[in-house]
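J.: Dropping a structure here in structure tokens format, bear with me for questions.
Rule-based calculations on the coordinates, nothing more; no lab input. The shown structure was predicted, so the numbers you read here are calculated from the model rather than taken from an experiment. Ideal geometry is used to build each Cβ from the backbone, glycine not excepted, and the neighbour counts take in all protein chains shown.
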Amino acid sequence: MDNFPVVAQADASLPNHTQENIHLVESAVGSNSPPKEKVGSDFDSRMMLRCLELARRALGRTSPNPLVGAVIVKDGEIVGEGFHPRAGEPHAEVFALKAAGDRARGATIYVSLEPCNHYGRTPPCSEGLIEAGVAKVVVGMVDPNPLVAGGGIARLRAAGIEVLVGVEESACCQLNEAFIHRILYKRPLGILKYAMTLDGKIATTSGHSAWVTSQEARNEVHQLRAGCDAIIVGGNTVRQDNPYLTSHQVEAHNPLRVVMSRHLNLPESAHLWQTADAPTLVLTQEGANPDFQKLLLKQGVEVVELTSLTPDKAMAYLYERGFCSVLWECGGTLAASAIAQGAVQKVLAFIAPKIIGGSIAPTPVGDLGFTTMTEALSLERVRWRVVGSDCLVEGYFPQKANSQ
Ligand SMILES: NC(=O)c1ccc[n+]([C@@H]2O[C@H](COP(=O)([O-])OP(=O)(O)OC[C@H]3O[C@@H](n4cnc5c(N)ncnc54)[C@H](OP(=O)(O)O)[C@@H]3O)[C@@H](O)[C@H]2O)c1
Ligand SMILES: [Zn+2]
């Protein structure tokens, strides 16, 4: 149990403000904490939810940046809206100010994340708002980055602008949970998703697994993929299932499809090697099967050799690439290894009301080395709902601060 970083306590080696921010964000997102007092009016809530609706238009496209929406209201009417479309492009506030023009003077701006106060690829939004003469700024959540948190709000207040913070805070944190995780832990948020039968099997004894769940549940998975930056499977899943791993929607974002394979003993032809629909990256070990690497490169598949091919190294690499969220859609062997290394924070289990049996049929999580039930990893913030004819159980591993 000692070697399971996901269940350890908060890390005392982190600076206090980082710890505080982790608690702040977790208490905002967490359903285990007592309900917070409502901030702002019903109208404020409606406008903030509109910001989140706008923010979602860029789902899956903004990493390493967050999803942000902004709405400008003058005399009770919306006069400008905007959202952050992708990293490198202007922030939500800039689009909303542009749409509002002169009407921004004396208006109230709603923005789901604290306006930035630093020169990045774009000038600070705090200065833009001051210049535009807005009278009030309503903020959904503070910036989770401990180095900038509160800076934008302080700058606005110093300029005499009224600032209200925390309207629909938990909805704002939920939408950007992956971005928050990336900032606080310097890793993408790892989400393990699997579909199993009521008797806990993810495939038959022969390895056949299409399909465990209903069409509705599969549609939900497609939605989920559209909001993620990458999906990981292992070599066996490619050999057994030949999956597409796309979001199957014309307009939706397709995440990077990642295969982890040590020896590259993979089929020469596979749906994942067709890169016109979505990009594919194969992560492997140094010197693995050079001929097969050439074959992949010819088909537009990216190949990266890691010194040791482990879930943590894969996540560290994907963090460096600017990713916020990674969906583990692998089988039980790789899933167990990912959990053991702390590469999974959230679990989404689709459970189909059917029984397949089979004493050696694969299960969602392989060996974790536990021998007593007291060692079981308990999820928190657990929710469940019915999707089509299936049940979706969702929860989080207790999180510790990551000091890497
Ligand atoms: N129902 C579901 O939700 C679902 C989802 C996915 C898969 N499945 C089923 O799961 C079965 C495959 O299970 P699996 O556990 O073998 O899945 P897997 O997703 O293929 O993972 C195992 C493979 O990952 C690769 N790998 C690379 N680094 C690894 C590491 N550090 N630790 C462990 N593995 C590493 C290896 O590939 P190489 O051998 O190429 O080196 C290994 O064979 C199939 O029958 C498939 O149908 C079901
Ligand atoms: Zn900004």
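J.: Need one number: convex hull volume per residue for segment 42-179, Cα atoms only, in Å³.
T.: Measuring per residue, one finds 91 Å³ for the Cα hull of segment 42-179.
J.: If you take every DSSP beta bridge fully contained in the chain, what fraction is antiparallel? Give it as a percent rounded to 5. Please list the in-between numbers first.
T.: Details: 22 of 59 bridges.
Roughly 35 percent of the beta bridges in the chain run antiparallel, per DSSP.
J.: Find how much the distance from LEU164 to ARG262 grows on full extension, using 0.36 nm per residue of separation minus their present alpha carbon separation; answer in nm with one decimal.
T.: Using 0.36 nm per residue and subtracting the Cα-Cα distance, I get 30.1 nm.
J.: Using a simple charge model, +1 on the beta-carbon of Lys and Arg, -1 on the beta-carbon of Asp and Glu, nothing else, what dipole does the chain show about its Cα centre, in debye to the nearest 20?
T.: With Lys and Arg at +1 and Asp and Glu at -1, about 360 debye.
J.: Let me ask something else. Would you give the gap between the C-alpha center of segment 119-155 and the C-alpha center of segment 240-314, rounded to a whole Å?
T.: Between the Cα centres of segment 119-155 and segment 240-314 lies a distance of 40 Å.
J.: Cβ neighbours within 10 Å, averaged per peptide: list 250-262, 357-369 in order, most packed at the top. Mind dumping the intermediate values first?
T.: Numbers: 250-262: 19.7, 357-369: 14.3.
Descending packing order for the listed peptides: 250-262, 357-369.
J.: Of THR237, GLY133, VAL393, which is farthest towards the positive pole of the chain's charge dipole, taken about the Cα centre with +1 and -1 on the beta-carbons of Lys, Arg and Asp, Glu respectively?
T.: The residue sitting farthest along the positive end of the dipole is THR237.
J.: Regarding the chain, what's the average projected area of the Cα-atom convex hull, expressed in nm²?
T.: Values: hull surface 85.0 nm².
One quarter of the hull surface, i.e. the mean projection, equals 21.3 nm².
J.: Tell me which residues come under 5 Å, amide H to amide H, from GLY106 once H is placed; ignore anything under 5 positions away on its chain.
T.: When sequence neighbours closer than 5 places are left aside, the close amide H contacts are VAL134, ALA135.
J.: Just going by the charge dipole of segment 188-396, with Lys and Arg at +1 and Asp and Glu at -1 on Cβ, which of ALA352, PRO290, ILE191 is farthest out on the positive end?
T.: Of ALA352, PRO290, ILE191, it is ALA352.
J.: Just want the ordering: TRP328, TRP384, from fewest to most Cβ atoms lying within 10 Å of their own Cβ.
T.: TRP384, TRP328
J.: What number, in percent, do you get for the relative contact order of segment 188-396 if the mean sequence gap of Cα pairs under 8 Å and at least 6 apart is divided by its residue count? Numbers along the way, then the final one.
T.: Working: 430 pairs, mean separation 67.6, N = 209.
Answer for segment 188-396 is 32 percent.
J.: Now for a different question. Give LYS38/LYS346; LYS193/LYS346; LYS36/LYS186; LYS193/LYS313; LYS193/LYS400 a once-over and call out the pairs whose C-alpha atoms are over 18 Å from each other. Present the calculation step by step, with values, prior to reporting the outcome.
T.: On the way: LYS38/LYS346 27 Å; LYS193/LYS346 9 Å; LYS36/LYS186 28 Å; LYS193/LYS313 20 Å; LYS193/LYS400 21 Å.
Listed pairs above 18 Å: LYS38/LYS346; LYS36/LYS186; LYS193/LYS313; LYS193/LYS400.
J.: Output wanted: per-residue J couplings in Hz (rounded whole) for segment 126-138, from phi through Karplus 6.51 cos²θ - 1.76 cosθ + 1.60, θ = phi - 60°, x for Gly and Pro.
T.: Running phi through 6.51 cos²θ - 1.76 cosθ + 1.60 with θ = phi - 60° gives 4, 5, x, 5, 5, 4, 6, x, 5, 8, 8, 10, 10 Hz.
J.: Skipping prolines and chain starts, which residues have an amide H placed within reach, meaning under 5 Å, of the one on LEU256, given they are 5 or more residues away or on another chain?
T.: ALA230, ILE231
J.: If neighbour count is taken as other Cβ atoms inside 10 Å, put ASP102, ASP44, ASP390 in order from fewest to most.
T.: ASP102, ASP44, ASP390
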